[in-house]
Amino acid sequence: MKIAIVGLGLIGGSLGIDLRSQGHEIIGISRQANTCQIALETGVVDRASMDFEIVKNAEIVVICTPIESIAPTLTKLIPYLTPEAIVTDVGSVKQPVVAACYPLWSNFVGGHPMAGNTKSGINAAQADLFKGAAYVFTPTPETNAIAVEILRELALSLGAIPYLCTPAIHDRAVSLISHLPVIISASLIATCLTTEPDTLDLAQKLASSGFRDTSRVGGGNPELGVMMAKYNQTELLNSLSIYRDRLDSIIDSIERKDWHNLEQILQTNQAARPKFLKD
Ligand code: NAP
């Protein structure tokens, strides 16, 4: 298949490597000549250009730009697309993307590979990034079912595990397991910073693996945290509101010295946690 990838960063570049290794013809589009050059030299793409005209005759186009530029990128692509071209994206929030893109292109299917790391740009692209990872597609009742099936097969070919759900359920689920943890973890670090200097100094010296685990996502790239809050505001606020209730309930148990209730809460959580983790 002829597959075009727009935005040759971590996700776009990694997709290029894997899809090209399966024999697909990969066309890359970047805003920078240097990125095109690197993508060609490192075998991420067969051809690369800064000119959108290069997507002509592509059967599948994957938009791998930051969320805010997905719909504007699709608008620029449309003059060069054949009517049957399937367009998908990889943005980590789906409702605003699907709402903006489906009216522009009826063969649009929202997508989100749940793989990545903290690196970015073409030099971060790597083989097998999607192996074993969930890859969510978010069709609506109007979405072309054949396009969804073709993309599902493509995800399977990457070694990913495809899931189908509505954009709304996707955004609610990722708000719980991805966006809420970032805010909670950030609040944990902020709480530690409120203590007086001597205690803070000791706490910093004593911090070990528990703090490393619980602070990791809250101490990451601020731009990503803002992006989650900006594009998934409603679901994140809803998750935070439920979280505040759960925290109040734990505070209440501790204040009332209701150790039995506290233990029951913690036992329920201990039993539930493995179901969220693959290993
Ligand atoms: P990235 O490494 O920064 O790559 C994004 C690429 O998009 C850049 O390399 C840049 O390529 C291009 N770009 C940047 N700003 C643009 C703009 N305003 N207009 C057009 N193109 C632009 O980021 P990424 O991690 O691959 O993320 C890309 C998408 O994947 C995002 O929508 C993100 O939500 C989603 N995602 C990320 C992860 C993750 O863990 N990183 C996981 C799942 C999904 P050029 O400069 O070459 O044009």
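The values are calculated or read from the model by the stated rules, or taken from the named source; none is laboratory data. All of these numbers come straight from a predicted model, not from anything done at the bench. Using ideal geometry, Cβ is built from the backbone for each residue, glycine included, and neighbour counts are taken over all protein chains shown. For the accessible areas, the whole protein counts, side chains as well, though only heavy atoms, and no ligand, DNA or RNA atoms are used. Shrake-Rupley method; radii C 1.70, N 1.55, O 1.52, S 1.80 Å.
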Kindly indicate whether any position in region 44-56 is under 13 Å from Phe108 (Cα atoms), at pLDDT 95 or above and more than 18 Å from the chain's Cα centre (by Cα).
no
Checking the condition closer than 30 Å to Leu240 by Cβ, outside any loop (DSSP other than H, G, I, E, B) and open to solvent by 50 Å² or more (accessible area, probe 1.4 Å), which residue from Arg172, Arg152 passes?
Arg172
Is it fair to say Pro79 is within 23 Å of Val226 (Cβ to Cβ) and over 18 Å from the mean Cα position of the chain (by Cα)?
no
What pairs can you find where one residue is in region 60-71 and within 13 Å of Ile29 (Cα to Cα) and in a strand (DSSP E or B), the other is open to solvent by 20 Å² or more (accessible area, probe 1.4 Å) and within 6 Å of the ligand (Cβ to nearest atom), and their Cβ atoms are less than 6 Å apart, with a gap of 6+ or different chains?
none
Which number in (1) without any contact (Cβ under 8 Å) to a residue 24 or more places away in the chain; (2) assigned to a loop (DSSP other than H, G, I, E, B); (3) open to solvent by less than 80 Å² (accessible area, probe 1.4 Å) marks the one condition that Val45 misses?
(1)
Name the single residue that is nearest to the ligand (Cβ to nearest atom) among those in region 102-114 being closer than 16 Å to Ile70 by Cβ and assigned to a loop (DSSP other than H, G, I, E, B).
Gly110
Quick one: in region 1-13, of everything that is among the small types (Gly, Ala, Ser) and near the ligand (Cβ under 8 Å from one of its atoms), which residue is farthest from Gln126 (Cα to Cα)?
Gly7
Considering only residues of region 120-142 that are small (Gly, Ala, Ser) and near the ligand (Cβ under 10 Å from one of its atoms), which is modelled with the lowest pLDDT?
Ser120
Check off (1) open to solvent by 20 Å² or more (accessible area, probe 1.4 Å); (2) at pLDDT 95 or above; (3) closer than 21 Å to Lys278 by Cα; (4) part of a loop (DSSP other than H, G, I, E, B) for Asn117 and give me the number that stays unchecked.
(2)
Among the residues of region 21-34 satisfying the criterion of being within 8 Å of the ligand (Cβ to nearest atom) and under 22 Å from the mean Cα position of the chain (by Cα), which is surrounded by the fewest Cβ atoms within 10 Å (Cβ to Cβ)?
Arg31
